[in-house]
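Asker: Quick one: structure below, then a few questions.
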Amino acid sequence: MVSGIPFFPAQASTMASQVDNLYFLILGVTAFFAVLVSVIVAIFAIKYRDDSGQKVGANIHGSIPLELGWSLIPFIIAMGIFAYSTSVFFQLVRPPAETLEIYSTGKRWMWRFQHIDGKAEINELHVPKGRPVRVTFTSEDVLHDLFIPAFRVKADAIPGRYSSLWFEATQTGEYHLFCAEYCGTKHSGMIGKVIVMEPNDYQAWLSGDTGMPMAQRGQQLFEQLSCVTCHLPDGKGRGPALAGVYNSKVDIVGGRDVVADDSYLRESILTPQMKMVAGYQPLMPTFQGLVNEEGVMSLIEYIKSLKAAPGAAPAAQAEAPAAVTTTAAERR
Amino acid sequence: MGTDMTTKAPARRTYLNHQYGILSWLLTKDHKRIGLMYLAVVSLAFFLGGIFAAGIRLELTTPAGDMWSSDTYNKLFTMHGVAMVFFVLIPAVPAVIGNFVLPLMLGAKDVAFPKVNLISWYVFVIGFIITVSAMVFGGVDTGWTFYVPYTTAASDTNVMLTGIGVFVTGFSSILTGVNFMVTIHRMRAPGLTWFRLPLLVWALYATSLVQILGTPVVAITVLMLALERGLGFGIFDPRLGGDPVLFQHLFWFYSHPAVYIMILPPMGVISEVIACFSRKSVFGYSFVAFSSLAIAVFGFLIWAHHMFVAGISPYSAMVFSFLTFAVAIPSAVKTFNWTATLYQGAIWWKAPMFFVFGFIGLFLIGGLTGLFLASVGLDVHLHDTYFVVAHFHYIMVGGAIMGYFAGLHFYWPKMTGKMYNDAAAKVSAVLVFIGFNLTFFPQFILGYMGMPRRYHVYPEEWQVFNVLSTGGAAVLGLGYALPVIYFAWSLMKGEDAGENPWGATGLEWQTQSPPLPENFAGTPVVNEEAYDYSKREIKVA
C-alpha cells in the first residue's frame, strides 16, 4: 500500500480531505499556542532567573483586561473550531439520498458483509469507486466498531440496534478495516480490508458466483416464518400491509409517530410490542431466536423492495381507535 | 544549609519520632502519618502499574504478538489502567500530598474527622488488596472502562472481584472528599479567609466536590454490573432487555469528572510551587481559584464526548462538543496565569520548579490535543485510536504525575525534615520529560494513521513509531525510578531542611520540619494574602 515509513493515512474518500483540512487547521492553531506559551515560559525562566533564592519578584497581582483577553480570545477561537468541526460532522453522519446499501454484522472476531445482490464476504469489503456507499450494521454479541481510517469513518456496532456509516471512495486500492472497540481475545485480529474497485470491475465481481439476492431471501423468510399470513398486501390482515412502509411515518400506539427505518423494522420483528402500529392488536409474537441478524436484514431488504401500490393508503395511516388496550412498554 | 536549632537540639519532638512501633502507625489519627501511609500504597500501585506498562510496551516493540498471548496482553492493559487510575492518579495528590499539607496550610491540628481519615485509608487498602488479589488470581481483561456487554456476558476473568475492589475503593475517595470539605470550611486559622487560602486548598476543595458527587454514581454503576453479571438482571445487555449505551452514560458521568479529580490537585500544587520559586503571588489569584470550581462543575456536563461514535444522536453530540470546548477555557486561563506569574519574578531554578516546567510543557500538549477530540467531526476518526491514548497520558501522566512529583519534591523537606540532592532530582525531571515525549508523541502520529487502541497485534508499517515509544518508556521508567535512590539517600544522609528551606510563604512553612504531632506550637494567626512575597525578606538557610 505505502512504501517506506508512513506518517499519514491514505486519503481515499470524499470526506477524508475534509477531515484532514479540519485536522490541519486545529493543528495549526494549537501548535501556535503551544509554541507561544512554551517560548514565553522559556524566556521568562531564563530572563528572570535568580539562583540566590534571596530576591523577591515584582509585586504584581493580576490584570482584569488580560484575564478577559485570554478567556475571550481562546473562547472565540474554540467556537470557530466548534462550528467548523460540527459542519464536517454533519456531513460525515448524513449520507446522500442515493447510496449503495451494504449490510454487515460483527461478531467475535470477524466482520461479515452482505451485498444486496446476495454476495457475502468475510473480513473483506468490496466497494465501487465514485459511488456513495452506506453500510448498516449491528453486532451479534458484544460491542465492536467498524473503522476505516482511509475513509475517516467509524461507528460502534452495538448489539440490539443498527448503526450506519457512509463513504464515497475516491481511490482504488486496498485499505485497512479495523474493529476499534475492544471485544476480547482477538480484538486486534478482527481486521480486514476494504477493496475499492472501478465500477465495472465491481459489477463483474458482484456477478461472479453470487448467492441469493437479499430481498429474495427475505421473501422466502417472510413466507417461512408465516409473516405473510397476517401482513396481507391489501391491508386487511391482522397486521399492517408493508408495501411502501419503509421510511414512511407510522402512527404508533400512544399517539406518537416514528419513521419506519431499518432500526424500527428490526425492532418490530424482534420485539414487536415495543412500538405497535396504532389500530392493531398486540398479536405478533417475537421472532427473537427464530431469525438471525442476517435474516432480519434480508427481511428488511424485502420490505424495502415492496413499493406502495398507487392509490392504496399505507396501512399505517389507519385510524387509531381510542380504546386500544396497550401492552406496549414504550421506550422513553 | 540546615544550621539552625535542629543541630543543637537533636531530640526534638516530631510527628515521626514521638511514637514508635508499627501500631503507632496503623492506629494513628495523624493526617501526616496517614498521608505517608497513602504514599506507601500509592507508590506500590505505581510500581505495579509501571510493570504492567512495561509488559505492554515490550510486546508492542514488534507488530506480531510474540511475547504474550492475546489474553495476557488484554489483562496487562486492563490491570495497568485499573492500578493507575484507581490507585495512583485519583489518590496521589489529594490523599498523599493533600492529607499531609491541608491541615498545615489551614493552621489546623488535623483534619475535621481524624478517625474517618484513618478509616478512609483502611478502606483504600482493603479495596487495593481485593483488586490486587483479582490480579494475582487470574487477572481481569475487560479494559478499565468495563464496557458491557463484554464485561457482564463475555469475559471469563475476575470481573466481580475487580469490581468489588473498585467499589470499595470509591468509598475511601468519598470519605476523603467529605473530610477535606468540612476541614476547609471549619478548620481555617483565625484570619485565614477564603481569599487568603493557598490555591492548592481551592483545588482540593473543587476536587472534593467532584469526589462527593461523582463517586457514588460509579459505585452504583459497578453494583449494576455485578447484578447483571452475577444474577442476570437485565440492565445493560440487550439480550436481557438492557441497553449497553446506558452503561457508557453512567460510567462516564463519573469517569470524566474523575479526570478532574486527577488533574485539579496537581494544578493546585503547580500554583504553590510556581509562586514560591518565582517569589511572587500567583497572577490572577481569584481567576485561578474560580477556574478550579468552574472545571469541577462544568466537568459534570461533558461526559458524552466519550460517546460520539457510540450511537448517540448527532444533536446531542453537537451539544457535548460545545460544552467540551467551553470547559477547555478555564484550563487555558490557568496556564496563562502561571505563565504570567513568571513575569518579573525572581525565578529560583530548583528541582520542584523543573517539574513545573515539565508540567507546563506536557499539560499544554495534553490540553491542546483535547481540542482535536472535542471537535466531533475529527473525533469520529480519532476515537479509540492511539491519538486518544497519547492525549490522556499527556494529561494524566504528563500533567497529573508531573504535578504530583513537583509536590513530592516541594514538600519532601517538610515531610522528612531532610533535603535531597537537587541535581539528581533535576536529572529525574529532565529524564521524565524527554522519556515521556518520546513515549507518547509518536502515539499521536500512530493514532492519526488509524492504529486502534488495545491492539495486541498491529500492521507492520507502524513498527517504527512503536519502537520509539517503547524506547521512550525505558527512559521514562528510569526517570521515575531515580527518585527512589535520592530520596532514600536523603532519608539516611540528607542535610537538615530547617523550617523553611525554600523561603516559601504559607503556614505549612512556619512550623518545624518534620512538624510537631500537633502541627503548631500555638494557633497561628494569618494577616496577609497568600504568596505575599513582596513584603518579605527571604532568608534561605
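Asker: Take every Cα-Cα distance within chain A, group them into 10 Å bins from 0 onward, and report for each bin the whole-number percent of pairs it holds.
Answerer: In whole percents, the pair-distance histogram is 5, 19, 24, 19, 14, 9, 5, 3, 1, 0.
Asker: Taking the Cα-to-Cβ direction at B:GLU529 and at B:ALA474 and moving 7 Å from each Cα, how far apart do the two end points lie in nm?
Answerer: The two pseudo-label positions are separated by 5.1 nm.
Asker: Given the C-alpha centroids of the range A:103-121 and the range B:16-38, what is the distance between them in whole angstrom?
Answerer: Taking the Cα centre of the range B:16-38 as reference, the centre of the range A:103-121 is 63 Å away.
Asker: Here is a follow-up. Please report the relative contact order for chain B, taking Cα pairs under 8 Å with a sequence separation of at least 6, and give it as a percent rounded to a whole number. Could the numbers behind the result be given before it?
Answerer: On the way: 919 pairs, mean separation 105.7, N = 541.
For chain B, the relative contact order is 20 percent.
Asker: What is the magnitude of the charge dipole of the range A:26-157 about its Cα centre, with +1 placed on the Cβ of each Lys and Arg, -1 on the Cβ of each Asp and Glu, and no other charges, expressed in debye to the nearest 20? Provide the component values of the computation, followed by the final result.
Answerer: Details: 13 positive and 12 negative charges, 51 e Å.
Result for the range A:26-157 is approximately 240 debye, rounded to the nearest 20.
Asker: Quick one: what does P(r) look like for the range A:28-101 with 10 Å bins over all Cα pairs, in whole %?
Answerer: Here the calculated profile for the range A:28-101 is 13, 26, 25, 16, 10, 7, 3, 1.
Asker: Also, quick follow-up: Of A:LYS249/A:LYS275; B:LYS280/B:LYS350; A:LYS55/B:LYS350; B:LYS426/B:LYS535; B:LYS350/B:LYS414, which pairs sit farther than 18 Å apart, going by alpha carbon to alpha carbon? Don't skip to the end; give the middle numbers.
Answerer: Values: A:LYS249/A:LYS275 13 Å; B:LYS280/B:LYS350 15 Å; A:LYS55/B:LYS350 14 Å; B:LYS426/B:LYS535 30 Å; B:LYS350/B:LYS414 16 Å.
Pairs exceeding the cut-off: B:LYS426/B:LYS535.
Asker: Take the alpha-carbon centre of the range B:256-307, take the same for the range A:138-207, and report the distance between them in whole Å.
Answerer: 40 Å
Asker: First obtain the Kirkwood hydrodynamic radius of the range B:412-488 from its Cα pairs, then insert it into the Stokes-Einstein equation at 25 °C and 0.890 mPa s, and state the resulting D in µm² per second as a whole number. Could you put the intermediate results ahead of the total?
Answerer: On the way: Rh = 14.2 Å.
Reported coefficient: 173 µm²/s.
Asker: Please determine, in degrees from 0 to 90 and to the nearest 10, the orientation of helix A:14-47 with respect to the longest principal axis defined by the Cα atoms of chain A, where the helix direction is its Cα long axis.
Answerer: Helix A:14-47 and the main axis of chain A meet at about 20 degrees.
Asker: Restricting things to Cα coordinates, could you compute the convex hull volume per residue of the range A:207-294 in Å³?
Answerer: Working: hull volume 9.9 nm³, N = 88.
Convex hull of Cα atoms, per residue: 113 Å³.
Asker: To continue, here is another question. For A:ASP117 and A:LYS55 in the same chain, what is the full-extension length gain: residue separation times 0.36 nm, less their Cα-Cα distance, in nm? Spell out each step's value before the answer.
Answerer: Numbers: separation 62, 0.36 × 62 = 22.32 nm, distance 8.13 nm.
Stretched out fully, the A:ASP117 to A:LYS55 stretch lengthens by 14.2 nm.
Asker: Could you estimate the translational diffusion coefficient of the range A:90-225 from the Stokes-Einstein equation, with Rh from the Kirkwood formula over C-alpha pairs, at 37 °C and 0.692 mPa s, in whole µm²/s? Walk me through the intermediate numbers first.
Answerer: On the way: Rh = 15.3 Å.
Answer from the Stokes-Einstein relation: 214 µm²/s.
Asker: Which whole-number percentage describes the relative contact order of chain A, with Cα contacts under 8 Å and a sequence gap of 6 or more?
Answerer: Working: 546 pairs, mean separation 48.9, N = 332.
Here the relative contact order equals 15 percent.
Asker: Could you work out the Rg to Rh ratio of the protein assembly as shown, with Rh taken as the Kirkwood radius (inverse of the mean 1/r over all Cα pairs)? Could the numbers behind the result be given before it?
Answerer: Values: Rg = 30.2 Å, Rh = 29.3 Å.
Ratio value, two decimals: 1.03.
Asker: Here is a further query. Along Cα→Cβ, 7 Å out, is where each label goes; now give me the distance between the ones at A:VAL258 and B:PHE113 in nm to one decimal.
Answerer: According to this spin-label approximation, the distance is 4.7 nm.
Asker: Further question on the same structure: Please average, across the residues of B:453-460, the number of beta carbons from any other chain that are within 10 Å of each residue's own beta carbon, and give a whole number.
Answerer: Values: counts 4, 7, 9, 5, 5, 3, 6, 0.
Per residue, the number of nearby Cβ atoms from other chains is 5 on average.
Asker: Given q = 0.13, 0.14, 0.16, 0.26 Å⁻¹, what are the Debye log10 I(q)/I(0) values for the range B:209-298, with equal point scatterers placed on the Cα positions and solvent ignored?
Answerer: -0.58, -0.63, -0.72, -1.19
Asker: I'd like the mean, over residues of A:153-165, of how many other protein chain beta carbons sit within 10 Å of each residue's own Cβ. Please list the in-between numbers first.
Answerer: On the way: counts 3, 11, 6, 12, 1, 8, 7, 9, 5, 1, 3, 0, 2.
What the average comes to for A:153-165 is 5.
Asker: Now for a different question. Relative to the Cα centre, what is the charge dipole magnitude of the protein assembly as shown, using +1 at the beta carbon of each Lys and Arg, -1 at the beta carbon of each Asp and Glu, and rounding to the nearest 20 debye?
Answerer: On the way: 55 positive and 57 negative charges, 499 e Å.
With Lys and Arg at +1 and Asp and Glu at -1, about 2400 debye.
Asker: Taking the C-alpha atoms of the range B:446-501, how large are the radius of gyration and the largest Cα-Cα span, Dmax, in Å?
Answerer: Values for the range B:446-501 (Cα only, Rg and Dmax): 20.0, 57 Å.
Asker: For chain B, compute Rg over Rh where Rg is the Cα radius of gyration and Rh is the Kirkwood radius from the inverse mean 1/r over Cα pairs.
Answerer: Details: Rg = 22.9 Å, Rh = 23.8 Å.
On the Cα set of chain B, Rg over Rh gives 0.96.
Asker: I need A:ILE303, B:ILE261, B:ILE22, B:ILE235 ordered by Cβ neighbour count within 10 Å, fewest first.
Answerer: Numbers: A:ILE303 24, B:ILE261 29, B:ILE22 7, B:ILE235 19.
Ordered by Cβ neighbours within 10 Å, fewest first: B:ILE22, B:ILE235, A:ILE303, B:ILE261.
Asker: Let me ask something additional. Roughly what would the spin-label model give for A:VAL39 and A:LEU232, points 7 Å off Cα along C-beta, in nm?
Answerer: That separation, rounded to one decimal, is 8.1 nm.
Asker: Roughly what % of DSSP beta bridges within the protein assembly as shown run antiparallel, to the nearest 5? Walk me through the numbers on the way to the answer.
Answerer: Working: 36 of 51 bridges.
Taking every DSSP beta bridge with both residues in the protein assembly as shown, the antiparallel ones total about 70 percent.
Asker: Using the alpha-carbon centroid of each, what span in Å lies between the range B:186-239 and the range B:378-448?
Answerer: 25 Å
Asker: Provide the convex hull volume over Cα atoms per residue for the range B:282-336, in Å³.
Answerer: Working: hull volume 3.5 nm³, N = 55.
So the per-residue Cα hull volume is 64 Å³.
Asker: Given a cut-off of 24 Å, what percent of all Cα-Cα pairs of the range B:327-485 lie beyond it?
Answerer: Values: 5201 of 12561 pairs.
Value for the range B:327-485: 41 percent of Cα pairs lie more than 24 Å apart.
Asker: Grab every C-alpha pair in the range B:112-222, bin the distances at 5 angstrom width from 0 up to the longest one, and report whole percents.
Answerer: Whole-percent P(r) values from 0 Å outward: 2, 12, 17, 17, 16, 12, 9, 7, 4, 3, 1, 0.
Asker: Assuming a viscosity of 1.567 mPa s and a temperature of 4 °C, what translational diffusion coefficient in µm² per second does Stokes-Einstein assign to the range B:295-414, Rh being the Kirkwood radius over Cα pairs? Mind showing how you got there, number by number?
Answerer: On the way: Rh = 15.8 Å.
Here the translational diffusion coefficient equals 82 µm²/s.
Asker: Among B:MET492, A:LEU92, A:GLN171, whose Cα sits farthest toward the positive end of the charge dipole of the protein assembly as shown (+1 at Cβ of Lys/Arg, -1 at Cβ of Asp/Glu, about the Cα centre)?
Answerer: Going by the charge dipole, the pick is B:MET492.
Asker: Charges at C-beta only: +1 for Lys and Arg, -1 for Asp and Glu. How large is the resulting dipole of chain A about its Cα centre, in Debye rounded to 20?
Answerer: Working: 27 positive and 31 negative charges, 100 e Å.
Using only the charged Cβ atoms, the result is roughly 480 debye.
Asker: I would also like to ask the following. Using Cβ contacts closer than 10 Å as the measure, can you line up B:THR369, A:THR210, A:THR86 from fewest to most?
Answerer: Numbers: B:THR369 24, A:THR210 13, A:THR86 17.
Least to most surrounded, the residues fall as A:THR210, A:THR86, B:THR369.
Asker: Please sort through the DSSP H helices of chain B and keep those with an alpha-carbon extent of at least 18 Å along the long axis and a Kyte-Doolittle average not below -0.5. Let's see the in-between values first.
Answerer: Numbers: long enough: B:31-59 (41 Å, 1.21); B:70-84 (21 Å, -0.11); B:114-136 (33 Å, 1.66); B:159-186 (41 Å, 1.32); B:199-231 (47 Å, 1.65); B:244-278 (50 Å, 1.18); B:285-298 (20 Å, 1.91); B:314-342 (43 Å, 0.99); B:351-374 (34 Å, 2.09); B:402-416 (20 Å, 0.09); B:422-449 (41 Å, 1.30); B:463-493 (45 Å, 1.13).
Within chain B the helices that satisfy the rule are B:31-59, B:70-84, B:114-136, B:159-186, B:199-231, B:244-278, B:285-298, B:314-342, B:351-374, B:402-416, B:422-449, B:463-493.
Asker: Same structure again: What is the percent of Cα-Cα separations in the range B:370-461 that go past 15 Å?
Answerer: On the way: 2811 of 4186 pairs.
Of all Cα-Cα pairs in the range B:370-461, 67 percent lie more than 15 Å apart.
Asker: Can you give the mean number of other chain Cβ atoms that lie within 10 Å of the Cβ atoms in peptide A:42-49? Before the final figure, lay out each step's value.
Answerer: Numbers: counts 4, 2, 9, 10, 2, 5, 10, 5.
Mean partner shielding for this stretch: 6.
Asker: Per q in 0.09, 0.13, 0.18, 0.20 1/Å, what log10 I(q)/I(0) does a Debye calculation on the alpha-carbon atoms of the range A:1-138 return?
Answerer: -0.57, -0.86, -1.21, -1.30
Any read-out appearing in this document is the output of simple, stated calculations on the displayed coordinates, not a laboratory observation. Every value quoted in this text rests on a predicted model; they were computed, and no experiment measured them. Quick reminder, even Gly has a Cβ in these numbers, built from the backbone with ideal geometry, and neighbours come from all protein chains shown.
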